[in-house]
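Notes follow the structure.
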Amino acid sequence: MFKDQSLDTFLDRLASADPTPGGGSAAAVMGAMGAALVGMVASLTVGKPRYRAVEAEMHALQAKAAELRQRLLAAIEADVAAFDRVMAAYRLPKDDPNRGEAIQAALKGATDVPLACARLCVEVIGLCHEAAEKGNPNVLSDAGVGVLAAHAALKSCAINVTVNLNAIRDPAFVAERRGELEALLDGRDREVEQLYNHILAKL
Ligand SMILES: Nc1nc(=O)c2c([nH]1)NC[C@@H]1CN(c3ccc(C(=O)N[C@@H](CCC(=O)O)C(=O)O)cc3)C=[N+]21
């Protein structure tokens, strides 16, 4: 399991010529890192008398961040499985009558994994706002790193969804997924840029 490997081993495998883990798994790692940074802000806020007013919210934030981190960590593995299936389908003999269908089915799976990951990243970005606004100000910069990581993850998921959709021949599937992706991305650059600038100004 990739998630149980050391960071060093994971990065070696990412850098290798093996197709997986690929950019899809890297996106999930970035998202998980964003969630972990929200967790850090919440952990450094709870239990301190100075932040008693936000104690309950910070506990909830901590729990939500932990859950999202767990789900994004699972997406590392899910993306490996989904993209391995794509590679395996492409490697079927060219004259195999099932090859085309196998590729299409695999591409759909390899689209839905990063799309699900994108949804989680949008949630992490939402949590970063709360961490920045109500968390311990000593770690405001960490909330900033978290939102940038989650945003990089979201946009990376969008790249993988898009590249796969471009090879899918089912117009209804493509339109539906593209629509959801656009909704997830809508206004996000501006939102993150604003939070980033707000954080920078308060450091
Ligand atoms: N959910 C998802 N996750 C991904 O990680 C993902 C994705 N979708 N969609 C597409 C991109 C691109 N990507 C590649 C990785 C390795 C090769 C690769 O190893 N190519 C070899 C050929 C390999 C072979 O044919 O055996 C080469 O170019 O020489 C290609 C493409 C992963 N992506």
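The values are calculated or read from the model by the stated rules, or taken from the named source; none is laboratory data. No experiment lies behind these values; they were computed from the predicted model shown. Here the Cβ positions follow ideal geometry from the backbone for every residue, glycine too, while neighbour counts run over all protein chains shown. Ligands, DNA and RNA are excluded from the accessible area calculation, which covers all protein heavy atoms including side chains. Shrake-Rupley method; radii C 1.70, N 1.55, O 1.52, S 1.80 Å.
For the chain, the carbon plus sulfur part of the accessible surface works out to 57%, probe radius 1.4 Å. When restricted to Cα atoms, the range 116-176 yields an Rg and a Dmax of 15.5, 51 Å, respectively. In a GNM of the chain with a 10 Å cut-off on Cα contacts, which of Leu72, Leu184, Leu37 has the highest mean-square fluctuation? Of Leu72, Leu184, Leu37, the Gaussian network model singles out Leu184 as fluctuating most.
For the residue pairs Lys94/Lys155; Lys155/Lys202; Lys64/Lys155, the alpha carbons lie more than 30 Å apart in Lys94/Lys155.
Which of these, Gly126, Gly100, Gly31, has the largest mean-square fluctuation under a Gaussian network model of the chain (Cα springs below 10 Å)? Most flexible of the set in this elastic network: Gly100. Here the Gaussian network model covers the chain, with springs between Cα atoms less than 10 Å apart; of Ala143, Ala102, Ala36, Ala102 fluctuates the most. Among the DSSP helices (H) of the chain, those spanning at least 15 angstrom by Cα along their long axis with an average Kyte-Doolittle hydropathy of -1.0 or more are 23-43, 55-90, 99-134, 140-165, 171-185; this is a geometric and hydropathy rule only. Partner aspartates and glutamates whose Cα lies under 16 Å from the Cα of Lys134, excluding those fewer than 8 positions away in the same chain, are identified as Glu55, Glu57, Asp142. Here the simple spin-label model places points 7 Å from the Cα toward Cβ, and for Leu92 and Arg52 these points are separated by 6.6 nm. Across all C-alpha atoms in the range 20-202, the radius of gyration and Dmax reach 18.8, 70 Å. Measuring gaps between exposed loop sites in the chain (trypsin sites (Lys or Arg not before Pro); DSSP loop; at most 14 other Cβ atoms within 10 Å), the longest gap, sites not included, is 1-90. Computed over the chain, relative contact order equals 28 percent, with contacts defined as Cα pairs under 8 Å that lie 6+ residues apart.
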